[in-house]
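Reviewing the structure listed below.
The numbers here are math on the coordinates, done by the rules we state, and not lab data. Only a predicted model underlies this, so the values are computations on that prediction, with no experimental measurement involved.
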Amino acid sequence: MMPKKYNWTYDEKITAEEFLLRLVPLVNGPVRTMWECDGDMFMSDYAKLCDAAARLRVFEDQVKNKEEDK
């Protein structure tokens, strides 16, 4: 059985494992910077966290829709 694939971009689908591997750098760097800077954040880090949040919302929708299809 082929693993389920999820949208990463409009024209790219990846497995859940690859999704997590790509999501980690979007979250790890900005959070580490916030820890080191006592809560301050660079705008580029903010953009990465916003990107990660958007991708998680899409992923969640895809998982929920799959569950509803059963």
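Rounded to the nearest 10 degrees, the inclination of helix 16-36 to the longest alpha-carbon principal axis of the chain is 10 degrees.
Given only helices, namely DSSP H runs of n ≥ 4 each adding -39500 (n - 2.57), what is the per-residue ellipticity at 222 nm of the chain, to the nearest 500 deg cm²/dmol? Could you put the intermediate results ahead of the total?
Numbers: 2 runs with 48 residues, N = 70.
Taking each H run of at least 4 residues, the total per residue is -24000 deg cm²/dmol.
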